[in-house]
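Notes to accompany the following structure.
No lab work stands behind these numbers, since they all come straight from the coordinates. Treat the numbers as computed from the prediction; the structure is a model and nothing was measured. With ideal geometry, Cβ positions are generated from the backbone for all residues, glycine too; neighbour counts draw on all protein chains shown.
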Amino acid sequence: MQIGSNRKTALLIGALALLLAFSESLARNAEISAITYNAAVGDLWGFFEAKTIRSTVVATAAEQALWEADRTTDAETKAKLLKANDNMKKVASALNDDPQNKEGSKQIADRAVETEGKRGIALARYHRYGLASATFQVGIVLAFAEVITGIAAMGWLSGLVGIFGIAFMALGWLAPQALHLS
């Protein structure tokens, strides 16, 4: 065993350990983002359901007012019921679609779907960074095996595995959904 070779291997181990630290940090950040987006998705779909229920209740009340207006003979009561029907239809419509305030069911559903997409990207990043971490760990083990056995091929294999780890990190950062392994 040569001392110079062990120094090179030690440098390789240090570089792989540094990359492992980066990939672990990136994986943790991606995991936290995925959890945050997951909570937001649940909140948005809950809000969507509440708006939809409220809209249905208001639309039903509008229909009830129309039925009552059809059954009444009093002109003043009929006019009030028809006005209430019109007002409730407007409220139900605004609950379903409110582009100005972006609070209608339609807009909330759009936000929920958009947030689901962000969650998917964060999860994909988390998985890519996790693969990178595992790859760097294997590279470190192979480099240690070279130091112990003196087999130079282990060092070369360690470097090659490290390159795969860098590729997984790059995929996680630049194109997290480009590679589907599941």
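Numbers at a glance
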| quantity | calculated |
| --- | --- |
| Förster radius 25 Å - calculated FRET efficiency between residue 175 and residue 52, Cβ distance, rounded to 0.05 | 0.10 |
| Point-charge dipole on Cβ atoms (K/R +1, D/E -1) for the stretch 3-174, about Cα centre, debye to 20 | 500 |
| Of 41, 6, 130, farthest towards positive along the dipole that unit charges on Lys, Arg, Asp, Glu beta carbons give the chain | 6 |
| Footprinting exposure proxy for 174, 131, 157 (fewest neighbouring C-beta atoms within 10 Å first) | 174, 157, 131 |
| Cross-link reach list, lysines versus residue 118, counting only Cα pairs under 29 Å and skipping chain neighbours closer than eight places | 51, 102, 106 |
| Value at 222 nm in deg cm²/dmol, rounded to 500, when DSSP H runs of n ≥ 4 in the chain each add -39,500 (n - 2.57) | -32500 deg cm²/dmol |
| Pair residue 134, residue 167: separation of 7 Å Cα→Cβ label points (nm) | 1.6 |
| Angle between the chain longest axis and helix 105-149 axis [Cα atoms, degrees, rounded to 10] | 10 |
| Nearest 10 degrees, 0 to 90: helix 3-71 Cα axis against the chain principal axis | 10 |
| Among [x] -0.72, -0.99; [y] -0.66, -1.04; [z] -0.51, -1.10, the entry that matches log10 I(q)/I(0) by the Debye sum over Cα atoms at q = 0.12, 0.17 Å⁻¹ as calculated here | [x] |
| Using alpha-carbon coordinates, inclination of helix 75-96 to the longest axis of the chain, degrees | 10 |
| Within straight-line cross-link reach of residue 78, lysines at Cα separation under 21 Å, skipping those fewer than 8 residues along the same chain | 89, 90 |
| GNM flexibility winner over the chain from 95, 19, 66 (Cα, springs under 10 Å) | 66 |
| Magnitude of the charge dipole, the stretch 57-158, Cβ model with Lys/Arg +1 and Asp/Glu -1, debye to 20 | 240 |
| Total charge dipole magnitude, the stretch 18-108, about the Cα centre, Cβ charges on Lys, Arg, Asp, Glu only, Debye to nearest 20 | 180 |
| Gain in span if fully extended, residue 39 to residue 79, counting 0.36 nm per residue against the direct Cα distance | 9.8 nm |
| Most fluctuating residue given options 128, 54, 71, as computed from a GNM of the chain linking Cα atoms under 10 Å | 71 |
